[in-house]
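**Student:** Take a look at this one; I'll ask things after.
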Amino acid sequence: MSSESTSPAASADETSRPPQGEEKVLVAIQQGIGAQPGVRSAARGLSHFGEHALGWLGIAGVGWALARARGDERSQQLWIEAGVGAFGAHAASVIIKRIVRRPRPDHPAIEIGVSTPSKLSFPSSHATSTTAAAILIGRAAGWDLKTLPAVLVPPMLLSRLVLGVHYPTDVTAGAAIGAASAAAVIAGDKVLLEPTRDQPAPGRARRAARALTRLGLTAAVPGGPLRLAAAPVIARATRHRESA
């Protein structure tokens with residue numbers, strides 16, 4: 001996706017107006033920690049890594065490949081969920097942005113340190129996908145769910161402020177949405193998959209079909225128009241699941 005175009009020149013009133021509210025916070029951050037050597041370069045690196053959640057998808061892909069090489073089916077599933085959760089969180093943030101349509105910071109005192117795919121600010125997609133990825137990647141790696149978020153999320157949130165492309169409320173909201181997205185993935189795993197792992201393959205297939213029915217996806221279950229195609233797919237998807 002191409003970078004956003006340059007904003008129109010600020011009016012004389014806008015140029016003379018002192019920063020207010022969250023603008024003052026951004027100016028203080030940029031003149032404080034953002035002025036330290038190497039901070040803005042590191043922030044730009046985080047920005048490129050987290051763009052469209054591609055860095056997190058890459059890590060999830062490597063984790064899945066290593067799990068596959070070990071023959072660990074449960075671990076493969078967790079790494080897939082990490083990738084799906086990170087990308088799903090990013091997609092959710094994009095949808096919310098288009099609904100809210102809050103412009104990005106645009107005060108002359110705020111230095112913009114990186115190009116962005118859009119002019120929309122709320123919530124921060126980087127904060128959203130990073131939070132979801134940190135929780136789910138840590139889970140896939142077998143770590144405490146709080147460990148990786150504590151390491152990854154604060155630097156990513158701060159980097160968006162240092163670069164002047166988000167307000168503080170953008171990144172805090174993004175982190176909250178990302179955490180909710182990760183919780184939804186974990187809950188979905190427990191509801192749809194965990195109860196089937198100790199069942200024989202046909203039993204798991206039946207339960208998966210019931211879950212699809214509850215979600216309104218009746219076309220994909222036995223008795224629906226796609227029953228002949230769905231049955232073997234569901235059976236393969238639920239076969240040989242290991243215990244968590």
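**Student:** If a residue has to be touching a residue at least 12 places away in the same chain (Cβ under 8 Å) and aromatic (Phe, Trp, Tyr) to count, how many in the stretch 108-155 make the cut?
**Tutor:** Result for the stretch 108-155: 1.
**Student:** While we're on this one: Of the residues in the stretch 29-81, how many are outside any helix (DSSP H, G or I) and over 30 Å from residue 164 (Cβ atoms)?
**Tutor:** Number satisfying all stated conditions: 2.
**Student:** In this structure, is residue 63 at pLDDT 95 or above and either closer than 28 Å to residue 133 by Cα or in contact with a helix residue (DSSP H, G or I) (Cβ under 9 Å, 6 or more places away or on another chain) (or both)?
**Tutor:** In short, yes.
The values are calculated or read from the model by the stated rules, or taken from the named source; none is laboratory data. Everything numeric in this text was worked out from a predicted model, so none of it was measured. All Cβ positions, glycine included, derive from the backbone under ideal geometry; neighbour counts span all protein chains shown.
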